[in-house]
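Notes follow once the structure below has been shown.
Bear in mind that the values in this text are calculations on the coordinates, not laboratory data. Remember, it's a predicted structure, so these values are computed and weren't measured experimentally. Cβ placement follows ideal geometry from the backbone for every residue including glycine, while neighbour counts extend to all protein chains displayed.
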Amino acid sequence: KKKKKKKKEHALASAPQHRSVSGEVVQCSGGEYHLAYSLTAAGNYSLSVLVGRHKDIVGGRPGTVVVYPGRLSSQHCGVVGDKLGSGTLLFGSICRFELYLRDSYGNYISCEHYYSSLLTHNISEMSVYHEADGNAAWSAPATVGECRDRKYTEGAFTTTDGVLSVSFQLPSTMGDTAFTKEEVLDLEVRINGKRLKQGPYSTAIRPARLSPPMSVVSGDGTKGASPGDEMPLRLQLRNELGENMTTCGSLAAMAGVERCTSLHRREQCATRKDCTWTVLAPDAGACSPKEEELVEVFAVPHKAEGEAGDQELEKLSGVVRACDHGQY
C-alpha cells in the first residue's frame, strides 16, 4: 500500500515485459488516499501514482519496486526431463536427478534467492517412492545437493532458473519380489509431505549384471610360474555396482543374455553372438542363449620380437576347478 496526500490518484505498476497492472483506491480520508496493487509475476516494476485530469505522475517520475518469488511450492516444482536419473537405472544404485524450483504462481526461484531465503524455501523432507500392491512398495529418502542456475533469454529479457541436484538410492530388492529383468516402474517424488504434481515418472530399472571389468583375479598364478607347475588363481565375480556376486550360474543367467528370448524373428536372433535360433516348426522357432561356459582361463605366449604381427598363437587352456558363492 502507498499513501499520498492528493485529490485524485491512480496507481499503475509496469513490468519489464511491458505488462501493466492497475491498482485501486482503497480509502480516502481527510485528503489522504490509501492505494493498493497486487502482483503475481516476480521481477522489477516501475510504480507510478497518477493524479488529476491529465494523469500527472506524483514526484515527476515513476518509482521502482522489486517483486520476489513467493514461498516454494511442491505442487509447482518439477523434475528436469521426463524421468528420474539417466537411462536405465540399477536396483541398489545411487541415482541422481535435477529439480527446478517454483512458487505457487509459477515464478522461477534462482539459486541466489533460494540460498538467501532458506526459511521461505525450506525443504525439510524429500523422498522418492513407488506405490504397489503388497510389500513391493518402497520409499527412499532423497538428499538435496547443490543448486545451479540456468538462464533463458527471450528477446531483451533474461530469466534465471534455479535447479537443485537431488540423489537417492534405489533398494536392492522390493519386498519378496525378485526382479530378474528390466522393469518399468512409476516413481513419485514427495517434498515436505506433498507429491510433485508433475509425477509419476515412468523409469526403467533392472538388476545389476555380471561385469568382467569389475571382477577381480588374484592368487599366485598372477605372479609367475615354473614349467610344469599348476598355478592357482582365484576369481571373484562382481556386478556393475562393484558388489561381490554370491552365485555360481550359467552364462545366460549371470551375464544377462536372457534377453535372447525377447527376439521373435530369426533375423533378429542372428545379429546376437550370444544367442542361437532353434527351429520348432517349418515356419516357427525360438531364440535362446547359447550354452557357453561362464568362466574360461587360458594363457597366450607373448610374440617374439620381430615375429609376424598376424600370426595366430596357441592358447594354453587352464581348468576351472570349483565355484563357491561367486568365487572361482
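What to note about this one:
- Summary of packing: across the peptides 268-276, 83-91, the per-residue average of other C-beta atoms within 10 Å ranks them, highest first, as 83-91, 268-276.
- Sequence ranges 277-285, 43-51, ranked by mean other-Cβ count within 10 angstrom, highest first: 43-51, 277-285
- Residues whose amide H comes within less than 5 Å of that of CYS248, counting only those at least five positions distant or on another chain, are HIS325, GLY326 (H built at 1.01 Å from N in the peptide plane).
- Across segment 263-274, coupling constants 3J(HN,Hα) worked out from phi with the 6.51/-1.76/1.60 Karplus curve, θ = phi - 60°, read 8, 10, 10, 4, 5, 5, 5, 5, 7, 9, 5, 9 Hz, and Gly and Pro carry x.
- Cross-link table LYS181/LYS315; LYS83/LYS151; LYS181/LYS223; LYS223/LYS273, entries beyond 31 Å C-alpha to C-alpha: LYS181/LYS315; LYS181/LYS223; LYS223/LYS273
- Per-pair calculated FRET efficiency, R0 = 51 Å: THR246 and THR160 via Cβ, rounded to 0.05: 0.55
- Spin-label model, THR276 to GLN27: label points 7 Å out along the Cα-to-beta-carbon direction sit 9.2 nm apart.
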